[in-house]
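Student: First the structure, which I've put down as structure tokens, then a few questions once you've had a look.
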Amino acid sequence: MSFEASQGHEQTSEKPVLVLYTGGTIGMEKSDKDGGYAPKPDSMVQKLRSLPMCHDENIAKEILTPEEQTEFLVLPMAAKQKPPYIKYKVEQFEDLLDSSNMDHTNWCDIARRIETNYDKFIGFVVLQGTDTMAYTASALSFMCENLGKPVVLTGAQVSIYETRSDGQNNLINSLIIAGSYGIPEVMLCFHGKVFRGNRTIKYDSSSFDAFISPNMPPLVSMDIDIHVDWPAVLQSGKKKFCVHTNLSSKVGILHLFPGIEKDTVKDFLLSMKGVVLLTFGSGNAPSNRADLMTLIREATTSDVLIVNITQCSRGNVSAAYATGVALKDAGVIPGGDMTLEAALCKLSYLLGNDDLSSTERKEMLTRAICGEMTDSEPAASTTN
């Protein structure tokens, strides 16, 4: 597919791309004091202006007003690209964070900024650290209801201030997707591939090719040509865009292992409203442990939502074995091929939605509400 705006979402000079810079490796500099890396406030825009592939000063003077030139940057025209140029504004968060320090309050901050600026920009890019990027992408996919514009998360394994940084290409690719393609999804762009955000996991801490989507091919492959798998793209929601920021923090992950003690499971289940149960293989648990099965059944009877996903990186849960059937009989909900990150964020979203009944929450866990699991019929890009 050629590089051009698609699906009726054409960029105009009045609606540029907003880049939300939250922190992360992409903007970190080495400290003179201890040699460690940390985000440096108020330096990212200055750095981007100095990179010819990230900002064309001459074109900026031609297409931007003097006032806009202080606020926006302009991406140089790429091969096969058609006008108009992509101009973008970087909005830096007050407290730049390593992504390991992010939590649901930061996700809500990102979502609210998208909502506030939704009508002013054609697309959004979120810069953050890679360690928890899959969690943020999954959370935003549920929080952004009736999304009709691209939201692209990206970052870097090596700082943009370093010679061999992957941050420059990741940012440029993300800007291209956000500014020239009307994909109404929360996505994650890394190393020349664009994934559905709630289908990704970080699987390699030492490679530029750090993310995979185990159970779904990339939505976009950015090689010499840009190829979009349009049939796989979610349809834009028809209702008005809004964000849902009431997330439950009473969710957690219980990783089963051979010989796990009863008291460990009991104490954990008593403190949670929603649990992602990481099971063996295709969704199996020790069915010969009557003590564990009793605890799980008591929890689900008390309206604790427990969703079953596999410990394997790829595949889904099924009731092919008696050990998997035992969990289902105990009230555990099969989570299909959801990632851990998606399952956890989905539970947080559902439990935070006070308009839903217990029955509705359980039903929504069994099907895709924003493309987070494989359904026989794809859902629209809405959580309503």
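Student: Taking a threshold of 21 Å on the Cα-Cα distance, which of the pairs Lys120/Lys149; Lys40/Lys202; Lys15/Lys240; Lys15/Lys61; Lys15/Lys346 fall above it? Numbers along the way, then the final one.
Tutor: Working: Lys120/Lys149 11 Å; Lys40/Lys202 25 Å; Lys15/Lys240 18 Å; Lys15/Lys61 18 Å; Lys15/Lys346 31 Å.
In this structure, Lys40/Lys202; Lys15/Lys346 lie more than 21 Å apart at Cα.
Student: Which residue fluctuates the most in the chain, going by a Gaussian network model with Cα springs under 10 Å, if the choices are Phe190, Phe124, Phe280?
Tutor: Comparing Phe190, Phe124, Phe280 in the GNM, the peak value goes to Phe280.
Student: Moving on to the next point. Which residue, Cys370, Cys144, Cys312, has the most motion in a Gaussian network model of the chain that connects Cα atoms within less than 10 Å?
Tutor: Top of the fluctuation ranking is Cys312.
Student: Given only helices, namely DSSP H runs of n ≥ 4 each adding -39500 (n - 2.57), what is the per-residue ellipticity at 222 nm of the chain, to the nearest 500 deg cm²/dmol? Walk me through the numbers before you get to the answer.
Tutor: Details: 11 runs with 106 residues, N = 384.
So the helix-based figure for the chain works out to -8000 deg cm²/dmol.
Student: With the chain treated as a Gaussian network of Cα nodes joined by springs under 10 Å, which of Glu360, Glu185, Glu29 yields the largest mean-square fluctuation?
Tutor: The residue that fluctuates most here is Glu360.
Student: Cα convex hull of segment 53-106: mean projected area in nm², to one decimal? Walk me through the numbers on the way to the answer.
Tutor: Working: hull surface 23.5 nm².
Taking the Cα atoms of segment 53-106, their convex hull projects to 5.9 nm² on average.
Student: Pop a pseudo-label 7 angstrom from the Cα along the beta-carbon direction at both Glu62 and Arg367 and give the gap in nm to one decimal.
Tutor: Placing both labels 7 Å beyond Cα along the Cβ direction yields 5.1 nm.
Student: Another question about this same structure. Would you work out which of Thr154, His104, Cys345 lies farthest towards the positive end of the dipole of the chain, given +1 charges on the beta-carbon of Lys and Arg and -1 on that of Asp and Glu, about the Cα centre?
Tutor: After comparing all options, I get Cys345.
Student: Roll a 1.4 Å probe over the protein chains and send me the accessible area per residue for the chain in Å².
Tutor: Working: 16840 Å² over 384 residues.
The answer is 44 Å² per residue.
Student: Restricting things to alpha carbons, tell me how big segment 243-344 is in terms of Rg and Dmax, in Å.
Tutor: Rg, Dmax (Cα atoms, Å): 12.9, 44.
Student: Size of the dipole of segment 23-101 about the Cα centre, Lys and Arg at +1 and Asp and Glu at -1 on the beta carbon, nothing else charged, in debye to 20? Could you put the intermediate results ahead of the total?
Tutor: On the way: 10 positive and 14 negative charges, 93 e Å.
For segment 23-101, the charge dipole is close to 440 debye.
Student: Something else: Over the residues of the chain, compute the C-alpha Rg and express it relative to 2.2 N^0.38 Å. Could the numbers behind the result be given before it?
Tutor: Values: Rg = 21.8 Å, N = 384, 2.2 N^0.38 = 21.1 Å.
Rg over 2.2 N^0.38 Å, computed on Cα atoms: 1.03.
Student: Could you give the semi-axes, largest first, of the ellipsoid that matches segment 154-293, computed as the square roots of 5 times the alpha carbon gyration tensor eigenvalues and rounded to whole Å?
Tutor: After scaling each eigenvalue by five and taking roots: 37, 20, 16 Å.
Student: How tilted is helix 133-143 with respect to the longest principal axis of the chain? Cα atoms for both, answer in degrees (0 to 90, nearest 10).
Tutor: Orientation of helix 133-143: about 80 degrees from the principal axis.
Student: So if I take the centroid of the Cα atoms in segment 217-273 and the same for segment 134-179, what is the distance between those two points in Å?
Tutor: What the calculation gives is 17 Å, centre to centre.
Student: On a 0 to 90° scale, report how tilted helix 167-180 is relative to the longest principal axis of the chain, with both axes built from alpha carbons and the result rounded to the nearest 10.
Tutor: 90
Student: Between helix 104-116 and the chain, what is the angle of the helix's C-alpha long axis to the longest principal axis, kept within 0 to 90° and rounded to the nearest 10?
Tutor: Taking the Cα atoms of the chain, the angle to 104-116 is about 50 degrees.
The values are calculated or read from the model by the stated rules, or taken from the named source; none is laboratory data. Remember, it's a predicted structure, so these values are computed and weren't measured experimentally. Positions of Cβ are generated from backbone atoms using ideal geometry, with glycine treated the same way; all protein chains shown enter the neighbour counts. Note: accessible area is taken over every heavy atom of the protein model, side chains too, but ligands, DNA and RNA are not part of it. Shrake-Rupley method; radii C 1.70, N 1.55, O 1.52, S 1.80 Å.
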